[in-house]
Structure formats: structure tokens, C-alpha cells
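Here's the structure, in C-alpha cells; my notes come after.
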Amino acid sequence: MAAMRCLSFALALPVALALGGGAGCYTVDFDETLSNVYYCQAVADCGANQACWQNRCVDDSGPVVTVTGPESLQNLTFDAQTLTVNYSTSNFTISDSNEVVEGEGKIAVSVAGTDISTVSVVSAGAQLDISSLEPGAYRLLVEAVHGDGTPYDNPSASTYTVFYIEDQNPLRPQVAIVSPPPGYVHIVGEPLEVVIASRNFEFVDSGEDCRIDPSCDPWGPMGTPVPDGCLPACPVVPAGHPHIYMLSDYPACLDNALSCNGDYVLSLLSGDSTGDTVTGVIPADRFTEVGTVTFSAGLQYNDHEPYPHENIRLFDQITIELAER
């Protein structure tokens, strides 16, 4: 079908020169059977049976896995012992065989960044023991694997959802990196859209900060009184915005003589928020070198100081990979 398409960088330059221009996008008979050839920034740039993966249109034929529970950003109590995982599949038959048969296999379920995992041969769900997890945000990974445990390589064969484990005091603010996913591979020289969520914290563009004294924890265990004189006279309404950092020693580097607080790559404003999430784009020039990157989101006051203070850091963290085109 004839359409405006963008070739990968390696292909775009000679085509652009041949056409007498500098752009890599041109009208072409787009061949949907070709995988890992065409450049993309969203799935809409690709064919009907393709996915946009690492800025390339790739073949997405194969199993499709969908998480139906827990719901996105669902809260679990701090003393939760078990996580019930529900999922559905298509183009896939769940089997207890250990053989490699295309279109068949098992479902691998895990919590990213932990050793919690299981392999399920149940058609609709699994149970995970999460009693060892501390309060915070976590990413549940669900993927189709062959009978011998090797994963399917089409993008739709794996998916994830983010959930919270509340603090003992469920009113304590929390933050979660919703996107990119854990283990994400990003191409250097490309912009990256990020989505951050929060609980008990309002995303605002500006406002008068109600600063909490470093000796104060207003969200101690329920039923524990806050010490007299601990809270400020102004109403403590958690509000501000998140910063994104790509620093290997965050948040410890906040304590350095030269604090890393100002070394963020993105400050997300409420104008791009929807409900409890906010979206922003890290510019392409922030991604220059290949390697593993510690990717952190920290809550900030309106004046960009860490929220709520130096003794309580509210942040979420994953690792991503930066790779060559």
C-alpha cells in the first residue's frame, strides 16, 4: 500500500540523497512482510501485523498475552501475602509439554527486579507469594514461553502491569514508573516518552509549598500520633511534580556535597497529566551512550526540592538498556 513511511537511519540517508532532500520519510509502497526495516515511533507507523519495537516495525505474528488482573496501578495492603494474577491469551495453546512446538507453551509470571516468579500451565491465572516485598511500586511481567522455557520473540507475547504495595499507613504518597517498562531497550539518539503515576500526591505546575520538617514523618503507622510541633502550620497537602534521573547512585547522591538534585533529565508538569498519571518526553540528545541505565522518578516540591525532605525519599526505580541503532 502506498503511504508516507520513514526508513531506518541506515536506509534513509541514501534514499534521501537520491531524492535530493535530507529527510528519511517519503511516499513508498510499504511492504508489511518486511521486518526490522522500517523506522517507527508508534505502532500506527507500522503494518497491521507488526509492532513498533526499538524504533523498528517488526513482525508481531505469534502469541498475544494480556493481563486482566491485577488492574493497572492497583493497591495491595502492606501485609499482602499473595498476588492473584489473571491473564488471557490468543494465538497460543497453554500446554504442560516441555517440547518446543510453535503456538504452544507455558506462561511465565514474575515480578521485575525480584526473584519472585513461577511458570503456569493454567489457562487463566497464577498465584505469586509476595510476602517478602516491601511497600512500593512493582511491575508484574507475564509472557508466553516455549515448552523448554525460551520466550517467544514477538512483542505481543509479553506484557506487564504496575501495582502498588501500600505502606503501613496507606496515606503515605507513592510514585510509580508506568512507562518505559523494566528491561526496556532504547535506541540512542531517539526521544523517549515516559509515564509516571502517583498515589496520595497531586501533580501541579506551581503553588505554595508546605514544607515538612526533616524530623517529621506525617505518615507513620496508623494510630501513631505525630509529635507535637512536627507539622508546619500550613495544611500538609502533598503536591508537586516528579523529576526523572538517569544516575547510577540516585537517591544516595542527593546527600553529596554537590547534590545531584538538579541533575534531572526531565521535569514533568501537570499540564500533561491525566488523573493520577503524568506524561513527558525526554529529548533525544539525552541518550548518547550505550549501556545499562538506572532510571528513577522522584517526587519534588514546586521549588524542585525533594519531597518531603532529606530523611524520606519518595521515588521509584528501574533499569533500562541503551543500544545502537
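The values are calculated or read from the model by the stated rules, or taken from the named source; none is laboratory data. As the structure is a prediction and not an experimental result, all values here were calculated from the model. Here the Cβ positions follow ideal geometry from the backbone for every residue, glycine too, while neighbour counts run over all protein chains shown. When the accessible area is computed, the model is the full protein with side chains, heavy atoms only, and any ligands, DNA or RNA have been set aside. Shrake-Rupley method; radii C 1.70, N 1.55, O 1.52, S 1.80 Å.
A few comments on the model shown:
- Percent accessible area from carbon and sulfur atoms, the chain, protein chains only, probe 1.4 Å: 50 percent
- Under-5 Å amide H pairs with Leu266, H placed in peptide plane, nonlocal only: Ile244
- Under Karplus coefficients 6.51, -1.76 and 1.60, residue-wise ³J(HN,Hα) of segment 253-270 in Hz, glycine/proline x: 5, 5, 8, 5, 4, 9, 4, 8, 4, x, 8, 7, 9, 7, 10, 9, 9, 5
- Computed helical MRE - 222 nm, the chain, DSSP H runs ≥ 4 contributing -39500 (n - 2.57), nearest 500: -1000 deg cm²/dmol
- Using a probe of 1.4 angstrom and keeping all protein chains present, the accessible surface of the chain works out to 49 square angstrom per residue.
- Each eigenvalue of the Cα gyration tensor of segment 154-274, multiplied by 5 and square-rooted, gives one semi-axis; in descending order these are 31, 19, 15 Å.
- Whole-Hz couplings from phi, Karplus 6.51/-1.76/1.60, listed for segment 107-121; x for Gly and Pro: 10, 9, 10, 8, 10, 4, x, 10, 9, 7, 7, 7, 10, 10, 10
- Most fluctuating residue given options Pro235, Pro221, Pro170, as computed from a GNM of the chain linking Cα atoms under 10 Å: Pro235
- Charged neighbours of Val293, selected by a Cβ distance under 11 Å, balance to -1 (K, R count +1; D, E count -1).
- Residue among Tyr39, Tyr164, Tyr307 with the largest mean-square fluctuation in a Gaussian network model of the chain, springs linking Cα atoms under 10 Å: Tyr39
- Integer Hz, Karplus 6.51/-1.76/1.60 couplings in order for segment 227-239, x for Gly and Pro: x, 4, x, 6, 7, x, 5, 6, x, 7, 10, x, 7
- Over the chain, the ratio between the Cα radius of gyration and 2.2 N^0.38 Å evaluates to 1.14.
- Using alpha-carbon coordinates, inclination of helix 9-19 to the longest axis of the chain, degrees: 60 degrees
- Approximate shape of segment 62-166 as ellipsoid semi-axes (Cα gyration tensor, √5λ), whole Å, largest first: 25, 13, 11
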